[in-house]
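Structure first, commentary second.
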Amino acid sequence: MELNFKKWIYLILLSIIWGSSYILIKKGLIGLSPLQLGSVRILMTTIILIIVGWKKILLIPRKSWKWICFTGFFGTFFPNYLFAYAETVIDSSVAAVLNGMTPLFTLILGVIFFNSKIKYGKILGVLIGFMGTLILVSNEFSINNGSESWYSILVIIAAICYAINVNIIKYKLKGISSLGIASGNFLAIVLPAVLVLFFSNFPWGETLYSPKVSSSLGYIFILALFGTALAKVMFNELVAISSPVFSISITYLLPIVAIGWGLIDGETFTLVQWAGCVLILFGVYLVTEKKHLKKKKILVDIFILLKKK
């Protein structure tokens, strides 16, 4: 298969898989509580990744394990439960769009703590994305008056956790394979997840086989197998055969897929929410490196000069 065609196939498949994870969380909450959903998802994914990536775990240097544990909690453990709790109130489509703030938070944290360089265009992107987030959050406040309106903030906290995770992996875990990091992450958080599940009144026994619970477990298994384990392998392959810029363009497609699933499931997406969505995606676009565009421009300029000669 031609590489250019293959990378587009991977991009589309990953967008569908990760964009569908939000509706799978929503369906998983029908028979399980947020704590139970988050814990079961971690347990299932741990089993899958340990089977596939145990050899990579053995190659992780001892000095790197503290950062593996750190990224395990901020990249998976906390966001798992935050998303589960958030989607008990807010729509899955709104959660997907708010999660699009992750690249913006990644940029901000990188500048503050890791001395990353920033350009004026990126600052503008951060501000525009923040405006879009405020629109979505304020819309949730108008719909859900009272304490429930704060559930949208949980997604933003999860996005910040993801941003911390990305920066730590970039600056502290260089040279370790993505599969090794992912497998190590889940190995580090599986015991706390078991403890949370133990104290969450999980429906053991006959209740476990009730239609609601068994259906929710099925959705979570799909989420763990495809949305986490398989998707990570595919994404690593996508990065290998394309550029980081092309790979991160998944960020633009995830909310579209999630909104589509939400509309099919009967969720409403108002004009105000569309406006906030557009602002966030435009902000993400501005903060994303576009070096490949510069290269293309240089090649075009060279071609024009040669043609004139």
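The values are calculated or read from the model by the stated rules, or taken from the named source; none is laboratory data. All values derive from a computational prediction rather than experimental measurement. Please note: Cβ atoms are built from the backbone with ideal geometry, for glycine as well, and neighbour counts cover all protein chains shown.
Conditions tested, residue by residue: (1) buried (at least 23 other Cβ atoms within 10 Å of the Cβ); (2) in contact with a Leu (Cβ under 6 Å, 6 or more places away or on another chain); (3) farther than 21 Å from L225 by Cα; (4) free of Cβ contacts under 8 Å to residues at least 60 places away in the same chain.
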{"site": "K27", "(1), (2), (3), (4)": "no, no, no, no"}
{"site": "P34", "(1), (2), (3), (4)": "no, no, no, yes"}
{"site": "L58", "(1), (2), (3), (4)": "no, no, yes, yes"}
{"site": "C69", "(1), (2), (3), (4)": "no, no, yes, no"}
{"site": "I90", "(1), (2), (3), (4)": "yes, no, yes, no"}
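Among all positions in the stretch 144-151, there is no residue which is at pLDDT 85 or above, surrounded by fewer than 17 Cβ atoms within 10 Å (Cβ to Cβ) and closer than 21 Å to F105 by Cα.
Have a look at L127, L98 and point out the one that is closer than 20 Å to F282 by Cβ, in contact (Cβ under 8 Å) with a residue 40 or more places away in the chain and out of contact with any helix residue (DSSP H, G or I) (no Cβ under 6 Å at 6 or more places or on another chain).
Working: L98 fails: out of contact with any helix residue (DSSP H, G or I) (no Cβ under 6 Å at 6 or more places or on another chain).
Result of the check over L127, L98: L127.
Taking the criterion of being modelled with pLDDT of 75 or more and aromatic (F, W, Y), the residues of the stretch 93-125 that qualify are F105, F113. Taken residue by residue, the stretch 54-63 has no member that is assigned to a helix (DSSP H, G or I) and within 16 Å of A163 (Cα to Cα). One residue alone among I128, I90 is assigned to a loop (DSSP other than H, G, I, E, B) and either modelled with pLDDT of 75 or more or hydroxyl-bearing (S, T, Y) (or both), and that residue is I90.
Conditions (1) at pLDDT 85 or above; (2) surrounded by fewer than 18 Cβ atoms within 10 Å (Cβ to Cβ); (3) touching a strand residue (DSSP E or B) at 6+ places or on another chain (Cβ under 7 Å); (4) not hydroxyl-bearing (S, T, Y), marked per residue:
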| position | (1), (2), (3), (4) |
| --- | --- |
| I160 | yes, no, no, yes |
| K174 | no, yes, no, yes |
| A193 | yes, no, no, yes |
| W204 | no, yes, no, yes |
| T207 | no, yes, no, no |
| P211 | yes, yes, no, yes |
| I220 | yes, no, no, yes |
| K232 | no, no, no, yes |
| S243 | no, yes, no, no |
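Condition test on F73, is it in a helix (DSSP H, G or I) and modelled with pLDDT of 80 or more?
yes
Select from the stretch 159-178 the residues that are of a type in the set (G, A, S) and in a loop (DSSP other than H, G, I, E, B) and write down the one among them that is nearest to L59 (Cα to Cα). The extreme case among them is S177. Scanning the stretch 52-89 for residues being under 17 Å from the mean Cα position of the chain (by Cα) and among the aliphatic types (A, V, I, L, M) gives a total of 3. Tell me yes or no: at least one residue of the stretch 108-123 is under 18 Å from the mean Cα position of the chain (by Cα), under 23 Å from V155 (Cβ atoms), part of a helix (DSSP H, G or I) and not small (G, A, S). Yes, there is a match, as at least one residue in the stretch 108-123 is under 18 Å from the mean Cα position of the chain (by Cα), under 23 Å from V155 (Cβ atoms), part of a helix (DSSP H, G or I) and not small (G, A, S).
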